[in-house]
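The values are calculated or read from the model by the stated rules, or taken from the named source; none is laboratory data. Predicted model, so just to flag it, every value in this text is computed and none were measured. Cβ coordinates were reconstructed from backbone atoms using ideal geometry, including for glycine residues, and neighbour counts include every protein chain displayed.
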Amino acid sequence: MLKKKLLPASLTVFAIIADQVSKAFIVKNWPNDYTFIADVFNNDFLWIYHVRNKAIAFSLGENLPDNLKPFLFILLPGAVLVFLLVYYFKTDEFTTLQRWALAGILGGGLGNLIDRIFRPEGVIDFISVRLYGFLGFERWPTFNLADSFVVVFGILLLISVFMPDKKIKPGKVINETPENQ
C-alpha cells in the first residue's frame, strides 16, 4: 500500500523540478518584462514573457499590505499543502487517479511556494497565450508550469470525483438477480 502512495510522489518531484528548471532558464535568458513572441501558429498565440508576480493567481492581492502577504501567500498555502500531504498518506479513500491528481497539485503548489519563499521579487511567470476575446480576455494572464500543474490536475481531480468507482469488492455479487440469490 505504501508503494501505491509513494509512486505518485514521483509526479510531485517531477513537477517541482520541471517548474524550477524552467524558471531558472527564463531568469537566465530573459530579462524581467521582456517578451519573446514565439510564432508557433503564425497568429500571435504564444508569448514567452518574463514577469514577476508578488501576489497570487491573476495578481490577486497585489495591493494588500506587505505585512499581510507572507501569511496569505506563504503560510496559508503552506498549511494547505501540508494538510493535503498528511491526508494523502493517512487515508485509503483516494482512487489511483485521485492520488496522481493530488500529486500533480502538490508539485505545482510547492513549485510556486518555493518561489514565494526564495524569490522576494515574486513568482516567475512566463507563459502568455492568446484567447482571442474568449471570456473577455485577449490574452490569458501570464502563468508558469507550476500553475499549469495545479490547474490541469485540479480539473482532473474534480472530474475523478464525479466518475463512478469501478472497484469490485472480493466476494461481492455484481448482478443480483433471483437466480444469484
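Some points to look at:
- Qualifying residue in region 89-97 (condition: buried (at least 16 other Cβ atoms within 10 Å of the Cβ), at pLDDT 80 or above and under 23 Å from F149 (Cα atoms)): yes
- Qualifying position, being in contact (Cβ under 8 Å) with a residue 60 or more places away in the chain, within 26 Å of V13 (Cβ to Cβ), of a type in the set (A, V, I, L, M, F, W, C) and not in a loop (DSSP other than H, G, I, E, B), among V129, V150, V161: V161
Residues checked against (1) within 14 Å of the chain's Cα centre (by Cα); (2) surrounded by 17 or more Cβ atoms within 10 Å (Cβ to Cβ):
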{"site": "Y87", "(1), (2)": "no, no"}
{"site": "G104", "(1), (2)": "yes, yes"}
{"site": "R116", "(1), (2)": "no, yes"}
{"site": "I124", "(1), (2)": "no, yes"}
{"site": "Y132", "(1), (2)": "no, no"}
{"site": "L135", "(1), (2)": "no, no"}
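- Among the candidates N67, N32, N53, the residue that is more than 30 Å from T91 (Cβ to Cβ), of a type outside the set (A, V, I, L, M, F, W, C) and exposed (fewer than 12 other Cβ atoms within 10 Å of the Cβ) is uniquely N67.
- The listed residues are I16, I37, and the only one of them that is at pLDDT below 80, among the aliphatic types (A, V, I, L, M) and under 25 Å from E121 (Cα atoms) turns out to be I37.
- Taking each residue of region 91-120 that is in a helix (DSSP H, G or I) and looking for partners that are charged (D, E, K, R) with beta-carbon atoms closer than 6 Å, six or more apart or interchain, yields G111/D19.
- Some residue of region 1-9 being outside any loop (DSSP other than H, G, I, E, B), among the hydrophobic types (A, V, I, L, M, F, W, C), touching a residue at least 40 places away in the same chain (Cβ under 8 Å) and surrounded by 15 or more Cβ atoms within 10 Å (Cβ to Cβ): yes
- Here K5 does not qualify as more than 21 Å from the chain's Cα centre (by Cα) and of a type in the set (K, R).
- Residues (among the charged types (D, E, K, R), touching a strand residue (DSSP E or B) at 6+ places or on another chain (Cβ under 8 Å) and free of Cβ contacts under 8 Å to residues at least 40 places away in the same chain) located in region 11-38: D33
- Check on L68, closer than 20 Å to F137 by Cβ and hydrophobic (A, V, I, L, M, F, W, C): no
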